[in-house]
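Here's the structure we're looking at; comments come further down.
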Amino acid sequence: MNYDMDSETENESLKNLNPENQNNFFDFPINNPLFICVISHTDTSEISGLTIAGANPDMIKYTPPADAEFLYYGKCKCIEGIPASPDGKPTPALITRSMLQNFKIPFMVVNSGAKINPSIPYFSFNISHGKNIQNFDALSLSETKRAYQYGKILGNQLSKTNDFVVIGESIPGGTTTALGVMLSMGIDAYNKVSSSMPDNPNLLKKTIIENSMEKKNILFGSLKHDPFKAISLFGDPMIPSVAGISSGLIENEKKIMLAGGTQMCSVAAILKSLNYDMKKISIGTTSYVVKDPSSDFVGLASLISHDISIYGSKLDLEHSKKEGLRAYSKGYVKEGVGAGGVSILAMLISKRNITSNMLLSYIEKEYEYSIERYL
C-alpha cells in the first residue's frame, strides 16, 4: 500500500524545525512503515529526583516492560493496576497505542537490557541492564558493541521488508545518560536535555555527570572519536541498540525517524561519529518537548548536525477534556515510547488531511477505554 504524502496535506507537525535544514525529509512514498520500541533499564534512573516514571524507585524497573505490554494489550501484566499515576497522568504509551491501533501501524518490541522481561513476544539482544553511572561503568565495552552489532543485524533484515522505520524507546532516566554520552563526545548538552517533570532537575543531572566524568578521568570532548567507550562509561543499553538498528537500515538506503526527544539526540551523535549519512535521519518528538523552556531540543539536534531533519507533533492535549492528558501541556511526561514519532507517522500515512483535533479524539477514546474506566 502506498502512503505517499500529498503536499496539500502537510501540516504544522510536518515542518522541518531545524533552522539550518529546511529540506522536505518526507519526499518519498512510504509503502511499508514499521515502529520499533526498544525497552531498557539504567540503574541511574533510581537516583532520587531524576524521574517520575514509577510510583517509587523500586517500581521504575517495571516501567519499560509495562509500556511494552500496554502497546499490545491496552493493559499491563507485569504490574497490577493501570499505566497512569494515581491522579490520571497516563504513560505516553497510550498516545502511541492509539496511533498504532487507529492507523494499523505494524510494530515490534526489542528488549535490550530491561531489568524485567515483558509478557509479550519480543526480540531480545541478551544485554545486561545499565549500571548507575555515578559509581560504575554503564556497560562493559563488549556488551556495548554487542548491542550495536545485534541492532545492525536486525536493521539489515528489516530493510528487506520496510522502507521507513520509526524507532522509539522506554528507559526511565535516559536523558541523564544521554547527557553523559554527549558531553564526553564534546557536544554541549548542558541544560538542553528534557525531563518527565515540570521542574527539570538540570543541576542534579549536571552534578551526576560531572562527578562521574571526574571519577573516570574523562574531560569534555575526550571521547569525540570513541563513541562506544562514551556509551560504555556514561550511557545505557538503549543507545547502542537504537544506533545499531538505525545503521543497518541506513546502510540499505532506508530512512529512519528516531522517535523521542533529547535522548535520541545522543543516538544521532553516535551515528554521526560513525560517519553515517545524517540526511537519512530524522528525529520526531512531541511539541511538549520542542516547547519545553527547561531544555533545548531543536538547538541540541541542530548542534549535532545541520543535516538532521527534526519534527514535533502537535497533539492539542492542552485542549483535552481529560485532566490527565492536559498534564502533558503543563510539563509532565511530555514524550516516551515513540509517542511523537508515531503520531507523525500517523499523519504521514493518513489518506486525508488529519488534524491535531482528530488525533486528540483518538487519544481521548483510548484514555477512556484503557485508563479512565479503572480510575
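Data overview
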{"quantity": "Answer from Ile363, Ile308, Ile371, Ile304 - the residue that is buried (at least 18 other Cβ atoms within 10 Å of the Cβ) and within 19 Å of Phe164 (Cα to Cα)", "calculated": "Ile308"}
{"quantity": "Helices (runs of 4 or more DSSP H) enclosed by the stretch 273-375 - at least 3 residues per element that are on the phi < 0 side of the Ramachandran plot and at pLDDT 95 or above", "calculated": "287-290, 297-304, 339-349, 356-370"}
{"quantity": "Residues that are modelled with pLDDT of 85 or more, assigned to a loop (DSSP other than H, G, I, E, B) and more than 16 Å from Gln263 (Cα to Cα), drawn from the stretch 25-59", "calculated": "Phe25, Phe26, Asp27, Phe28, Pro29, Ile30, Asn31, Asn32, Ile47, Ser48, Gly49"}
{"quantity": "Test: residue in the stretch 267-276 that is surrounded by fewer than 24 Cβ atoms within 10 Å (Cβ to Cβ) and among the small types (Gly, Ala, Ser)", "calculated": "yes"}
{"quantity": "Number of positions in the stretch 193-239 that are over 18 Å from Phe136 (Cβ atoms), surrounded by fewer than 24 Cβ atoms within 10 Å (Cβ to Cβ) and in contact (Cβ under 8 Å) with a residue 40 or more places away in the chain", "calculated": "10"}
{"quantity": "Within the stretch 207-228, considering residues that are within 23 Å of the chain's Cα centre (by Cα) and among the hydrophobic types (A, V, I, L, M, F, W, C), the one nearest to Leu50 (Cα to Cα)", "calculated": "Ile208"}
{"quantity": "All positions within the stretch 293-321 that are hydrophobic (A, V, I, L, M, F, W, C) and farther than 20 Å from Met197 by Cα", "calculated": "Ala301, Leu303, Ile304, Ile308, Ile310"}
{"quantity": "Residue check for Pro64: surrounded by fewer than 24 Cβ atoms within 10 Å (Cβ to Cβ) and on the phi < 0 side of the Ramachandran plot", "calculated": "no"}
{"quantity": "Glu169 outside any helix (DSSP H, G or I), touching a strand residue (DSSP E or B) at 6+ places or on another chain (Cβ under 6 Å) and acidic (Asp, Glu)", "calculated": "yes"}
{"quantity": "Enumeration of residues in the stretch 119-147 that are in contact with a Phe, Trp or Tyr (Cβ under 7 Å, 6 or more places away or on another chain), under 16 Å from Phe228 (Cα atoms) and buried (at least 19 other Cβ atoms within 10 Å of the Cβ)", "calculated": "Ile133, Ala138, Thr144, Ala147"}
{"quantity": "From Ser85, Ser124, Ser112, Ser98, residue being of a type in the set (Ser, Thr, Tyr) and either over 30 Å from Asn32 (Cα atoms) or modelled with pLDDT under 95 (or both)", "calculated": "Ser85"}
{"quantity": "Residue check for Ser196: among the polar types (S, T, N, Q), modelled with pLDDT under 95 and outside any helix (DSSP H, G or I)", "calculated": "yes"}
{"quantity": "Among the residues listed as Leu223, Leu233, the single one being touching a Lys or Arg at 6+ places or on another chain (Cβ under 8 Å), on the phi < 0 side of the Ramachandran plot and part of a helix (DSSP H, G or I)", "calculated": "Leu233"}
{"quantity": "Unmet criterion (only one of (1) surrounded by fewer than 16 Cβ atoms within 10 Å (Cβ to Cβ); (2) of a type outside the set (Phe, Trp, Tyr); (3) out of contact with any Gly (no Cβ under 6 Å at 6 or more places or on another chain); (4) in a helix (DSSP H, G or I)) for Asp188", "calculated": "(4)"}
{"quantity": "Asn211 being assigned to a loop (DSSP other than H, G, I, E, B) and at pLDDT 95 or above", "calculated": "no"}
{"quantity": "Subset of the stretch 323-341 [over 16 Å from Ala93 (Cα atoms) and over 19 Å from the mean Cα position of the chain (by Cα)]", "calculated": "Glu323, Lys330"}
{"quantity": "Given (1) part of a loop (DSSP other than H, G, I, E, B); (2) in contact with a strand residue (DSSP E or B) (Cβ under 7 Å, 6 or more places away or on another chain); (3) buried (at least 17 other Cβ atoms within 10 Å of the Cβ), number of the condition Ile116 does not satisfy", "calculated": "(2)"}
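Residue-wise test of (1) in contact with a Gly (Cβ under 6 Å, 6 or more places away or on another chain); (2) touching a residue at least 40 places away in the same chain (Cβ under 8 Å).
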| site | (1), (2) |
| --- | --- |
| Glu80 | no, no |
| Ala93 | no, yes |
| Thr96 | yes, yes |
| Phe103 | no, yes |
| Val110 | no, yes |
| Ala114 | no, yes |
| Ile120 | no, yes |
| Lys131 | no, yes |
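The values are calculated or read from the model by the stated rules, or taken from the named source; none is laboratory data. If you're wondering where the values come from, they're calculated on a predicted model, not measured in any experiment. Please note: Cβ atoms are built from the backbone with ideal geometry, for glycine as well, and neighbour counts cover all protein chains shown.
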